[in-house]
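Please treat every number below as a calculation from the coordinates, not as lab data. Computed from a predicted model, the values in this text were never measured in an experiment. All Cβ positions, even for glycine, are placed from backbone atoms using ideal geometry, and neighbour counts span all protein chains on display.
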Amino acid sequence: MKLHNLKPAEGSVHKEKRIGRGEASGKGGTSTQGNKGGQSRAGYSRKNAFEGGQMPIQRRVPKRGFKNINRIEYTVFNLGQIEQLQEKYALAEFSLENLYINGLISRTDKVKVLGTGELKSKLTFKVNAISDKAKAAIEAAGGSVEIVK
């Protein structure tokens, strides 16, 4: 066997299709692109939501509302819930660290305390926000409130 005798296996090599090289090639004229229109032109690209000229769904469906980019999302706790959590987890202080350690919030959550329910125990609060009613109830029970930013 010599190098000049080597040939690829039968059927493994295909002839390259030569497009646009005259009518005699069988691939001349429109060069397998069909007749006219954007898809027969070079550089054609269709929009992702193109539906064949039908009005696309993102234009058929009406727009509603908006998303406020300045909104601050709080994890909310009511005084009634806090009373139960204090008994369950034996909390001496209602702070972001204690809530995170006990798996009640994630690291980046902001906490707001609301005034629904009743608070009997004396607790120290270190939260991001608090309602006036909740603050009054906490101070009436002998607790203190510190706003953390």
Net charge over other residues, Cβ less than 15 angstrom from the Cβ of Ser40 (K, R count +1; D, E count -1): +4
Contour excess over end-to-end distance, with Cα ends at Asn68 and Ala90 and 0.36 nm allotted per residue: 4.1 nm
With Cα atoms, 0 to 90° folded angle of helix 79-89 axis to the chain main axis: 90
Among 64-76, 97-109, how do they line up by average Cβ neighbours within 10 Å per residue, starting with the highest? 97-109, 64-76
Helix-only [θ] at 222 nm, the chain, -39500 (n - 2.57) per DSSP H run of 4+, per residue, nearest 500, equals -5000 deg cm²/dmol
Sort out for me the Cα centre separation of the range 120-135 from the range 1-59, rounded to whole Å. 71
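Taking 0.36 nm per residue of sequence separation and subtracting the Cα-Cα distance, how much length would be gained by fully extending the chain between Leu3 and Ser45, in nm to one decimal?
On the way: separation 42, 0.36 × 42 = 15.12 nm, distance 4.63 nm.
Here the segment from Leu3 to Ser45 would lengthen by 10.5 nm.
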State, to one decimal in nm, how far the label point of Leu104 lies from the label point of Lys149, with both points 7 Å from Cα in the Cβ direction. 2.5
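So, R0 is 35 Å and r is the distance between the beta-carbons of Glu118 and Ile57; what FRET efficiency does that work out to, to 0.05?
Values: r = 51 Å, r/R0 = 1.47.
Step by step, r from the Cβ atoms, then E = 0.10.
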